[in-house]
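To start, the structure under review is shown below, and the notes come after it.
The values are calculated or read from the model by the stated rules, or taken from the named source; none is laboratory data. Just so it is clear, the structure is predicted and the values come from calculations on it, not from any experiment. Neighbour counts are summed over all protein chains in view; Cβ atoms, including those assigned to glycine, are modelled from backbone coordinates with ideal geometry.
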Amino acid sequence: MRRFGTAALALVLLAALGGFLGDRESTTSAQAQGYTLTVTSAAAARPGQDVPWRVRVHSPEGFGPELTIAVTAAYLEIYETQGFHPEPSATTRDGEWLYLTFDTPSGTTFVLDYDAYIQPNADVGRSGAVALVLDDARVAEVPIRTVLFP
């Protein structure tokens, strides 16, 4: 029994030293119609911790007057936030998605930051998606998932 306990402790220590038990972030991209959508978010986190959440949209042709990003609304429920930066010019929601519309800057890259941390009372992670919306259709979609550890 003592050998089992020592082996289990050694495995936990190796996992911790290898970074498998700590906070991790994930970056995922999708391309469609000349646009590249890249999302960086927490893959693994702990309640009460600040976490990264950034959406980057690149278009070599630039953007029209508005850009809409859709986020699975239930995914955002694990966060406490100070809001989106830049702030959306319009926000709408259907049963599943939160749609954020922005006045686009000049240039070929748009970056959206979400100033957030995991709610202290959150105990279950969430899965969802972020999508680029063109002509009322989600054209590039990136899956996101955050696992929470105590």
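Residues in segment 48-70 that are among the polar types (S, T, N, Q) and buried (at least 17 other Cβ atoms within 10 Å of the Cβ): SER59, THR68. For GLY128, the conditions (1) of a type outside the set (Ser, Thr, Tyr); (2) touching a residue at least 60 places away in the same chain (Cβ under 8 Å); (3) touching a Pro at 6+ places or on another chain (Cβ under 9 Å) all hold with the exception of (2). On the stretch given as segment 104-135, residues that are among the hydrophobic types (A, V, I, L, M, F, W, C) and closer than 24 Å to GLU61 by Cβ total 8. State whether the residues of segment 83-98 include one that is modelled with pLDDT of 95 or more, β-branched (Val, Ile, Thr), loosely packed, with under 15 Cβ neighbours inside 10 Å and touching a strand residue (DSSP E or B) at 6+ places or on another chain (Cβ under 9 Å). Yes, there is a match, as at least one residue in segment 83-98 is modelled with pLDDT of 95 or more, β-branched (Val, Ile, Thr), loosely packed, with under 15 Cβ neighbours inside 10 Å and touching a strand residue (DSSP E or B) at 6+ places or on another chain (Cβ under 9 Å). Residues in segment 45-63 that are among the small types (Gly, Ala, Ser) and touching a Ser or Thr at 6+ places or on another chain (Cβ under 7 Å) were compared, and the one that is farthest from PRO143 (Cα to Cα) is GLY62. Only residues that are in contact with a Ser or Thr (Cβ under 7 Å, 6 or more places away or on another chain) and loosely packed, with under 15 Cβ neighbours inside 10 Å were counted in segment 102-126, giving 3.
Checking every residue in segment 89-98 against the condition of being more than 20 Å from SER26 (Cβ to Cβ) and among the basic types (Lys, Arg) gives at least one match. Could we say that TYR75 is buried (at least 17 other Cβ atoms within 10 Å of the Cβ), farther than 15 Å from THR40 by Cβ and in contact with a strand residue (DSSP E or B) (Cβ under 9 Å, 6 or more places away or on another chain) here? Criteria not met by TYR75.
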